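The values are calculated or read from the model by the stated rules, or taken from the named source; none is laboratory data. The shown structure was predicted, so the numbers you read here are calculated from the model rather than taken from an experiment. Neighbour counts run over all protein chains shown; Cβ positions are idealised from the backbone, glycine included. In case anyone asks, the SASA skips ligands and DNA or RNA and just uses the protein heavy atoms, side chains included. Shrake-Rupley method; radii C 1.70, N 1.55, O 1.52, S 1.80 Å.
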Amino acid sequence: ESTPAEESTPAEESTPAEESTPAEESTPAEESTPAEESTPAEETQTAQSSSPPQETSDQVPTSGGSTGETFSGDGTYYTPGLGSCGLTNTDSDLIAAINAPQYGTYANPNSAEVCGKCALVKGSKGEVKVTITDRCPVCNHGDMDLSPSAFEKIGEFSDGRVPITWS
């Protein structure tokens, strides 16, 4: 009785692994080969999409929230100073450090497209309009690290971390 069970288990385990491996290998190979051969087609597709560079399309709305996109994550607070956008701010400024994935990677972080953009952040206590002047390297996608004056409008300091939505 144990022999048939042992025989069927390895067969079941090896079959999905064998099926998924070739499928995974053939799909990227098929995609990369036509893409390499059709560089003009890629350029045409990029031009047809009329979207900003890829770094920007996965980040904050570039028009201060007018795109209608809403993000969710955790809101925290920090002591501002010289931020990644090259501006020096204080605790009383209504500013935010956006998470690193949505900030993007730039040779000169001062030139990040999110710098100077505004976001409306909503928490359990209320909402606040902030200007993005910094990057939060430890924050996850959707998170924002706020100045104390901004954080107190959306949450309690004693909580330290509150759920937020923002656009």
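Please specify each residue of the range 127-151 satisfying the condition of being assigned to a helix (DSSP H, G or I) and open to solvent by 10 Å² or more (accessible area, probe 1.4 Å).
Matches in the range 127-151: Pro148, Ser149.
Quick check on Gly116: is it under 17 Å from Trp166 (Cα atoms), modelled with pLDDT of 95 or more, open to solvent by 30 Å² or more (accessible area, probe 1.4 Å) and of a type in the set (Gly, Ala, Ser)?
Yes: the conditions hold for Gly116.
Just checking, how many residues over the range 82-98 are exposed (fewer than 15 other Cβ atoms within 10 Å of the Cβ) and among the aliphatic types (A, V, I, L, M)?
Selection size over the range 82-98: 1.
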